[in-house]
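The values are calculated or read from the model by the stated rules, or taken from the named source; none is laboratory data. These figures come from a predicted structure and were not determined experimentally. Cβ placement follows ideal geometry from the backbone for every residue including glycine, while neighbour counts extend to all protein chains displayed. Ligands, DNA and RNA are excluded from the accessible area calculation, which covers all protein heavy atoms including side chains. Shrake-Rupley method; radii C 1.70, N 1.55, O 1.52, S 1.80 Å.
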Amino acid sequence: MRVIAGKCRSLPLKTVPGTDTRPTTDRIKETLFNILNPRISGCRFLDLFSGSGAIGIEALSRGARSCCFVEQSRKAAACIRENLKFTGLEGDAEVWVMDARQAVERLRKQEPFGIIFMDPPYRKGLEREVLERLREAECVDENTLLVVEASMDTGFDWVEQAGFTVTRIKKYKTNAHLFLKRGGGEKKI
């Protein structure tokens with residue numbers, strides 16, 4: 001696994017030992033950031049369920065102003081810190097070792113993020129719990145783009161009830177990225 005582009009291009013990243021995390025492949029990460037690239041420069045980025053931190057580090061490498069990494073596993077958080085130090089991006093990052101739902105409660109009153117990315121464990125319903133907590137949070141506004149990575153069999157028929165609209169879906173072989181905006185109405189990115 002490596003940084004795809006930006007000031008840290010081609011630097012290798014460590015992954016979390018064991019099978020508790022699913023690192024996003026370089027190919028999927030490249031596709032994701034080709035979509036996100038117009039929004040990255042200068043944005044505040046939130047990486048929920050961060051794993052090794054590869055997504056947030058990619059955002060920082062490509063010009064995000066800052067990134068808050070939220071990861072419950074102490075082993076994974078240590079990996080994020082090692083990757084940030086190795087890439088020299090630690091000055092633009094915060095690593096919170098806590099449950100993503102708790103982190104969202106702490107972030108509620110902060111200025112809006114430009115992009116919120118979440119890759120929760122599959123088939124546990126955590127994306128719904130987090131999105132319902134973000135519905136009224138001040139850290140999400142009409143310009144915030146939320147991206148959820150989920151298994152192909154995850155249903156999202158509840159998204160509008162949670163206060164969000166799907167603006168795009170990018171499907172891969174075994175998973176998908178859903179792009180969401182707060183509120184109703186169709187907005188394409």
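Going by what's in this entry, would E160 be described as at pLDDT 95 or above, open to solvent by 70 Å² or more (accessible area, probe 1.4 Å), of a type in the set (D, E) and farther than 17 Å from L32 by Cβ?
The answer is no for E160.
Could you list, in sequence order, the residues of segment 38-51 that are over 14 Å from the mean Cα position of the chain (by Cα) and within 24 Å of L107 (Cα to Cα)?
Taking segment 38-51 first, the residues over 14 Å from the mean Cα position of the chain (by Cα) are 38, 41-42.
Across segment 38-51, the qualifying residues are S41, G42.
For R2, which of the numbered conditions (1) open to solvent by 20 Å² or more (accessible area, probe 1.4 Å); (2) under 21 Å from V95 (Cβ atoms); (3) in contact (Cβ under 8 Å) with a residue 40 or more places away in the chain fails to hold?
So R2 meets the others, but not (3).
Could you say which residue among R9, R22 is basic (K, R), within 17 Å of P120 (Cα to Cα) and open to solvent by 40 Å² or more (accessible area, probe 1.4 Å)?
Numbers: R9 fails: within 17 Å of P120 (Cα to Cα).
One residue alone meets the criteria, R22.
Within segment 88-126, which residues are open to solvent by less than 30 Å² (accessible area, probe 1.4 Å), touching a residue at least 40 places away in the same chain (Cβ under 8 Å) and of a type in the set (D, E)?
Once the filter is applied, which keeps residues that are open to solvent by less than 30 Å² (accessible area, probe 1.4 Å), touching a residue at least 40 places away in the same chain (Cβ under 8 Å) and of a type in the set (D, E), segment 88-126 yields only D119.
Yes/no per residue for (1) at pLDDT 95 or above; (2) not charged (D, E, K, R):
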{"position": "R74", "(1), (2)": "yes, no"}
{"position": "I80", "(1), (2)": "yes, yes"}
{"position": "G88", "(1), (2)": "yes, yes"}
{"position": "R101", "(1), (2)": "yes, no"}
{"position": "R108", "(1), (2)": "no, no"}
{"position": "M118", "(1), (2)": "yes, yes"}
{"position": "G125", "(1), (2)": "no, yes"}
{"position": "V130", "(1), (2)": "yes, yes"}
{"position": "E138", "(1), (2)": "yes, no"}
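Give segment 37-53 a look and list any residue that's assigned to a strand (DSSP E or B) and open to solvent by 10 Å² or more (accessible area, probe 1.4 Å), or say none. Steps first, answer last, please.
At the first step, the residues of segment 37-53 found to be assigned to a strand (DSSP E or B) are 44-48.
Residue satisfying the conditions is R44 alone.
What number of residues within segment 54-87 are more than 20 Å from Q102 (Cβ to Cβ), among the charged types (D, E, K, R) and open to solvent by 30 Å² or more (accessible area, probe 1.4 Å)?
4
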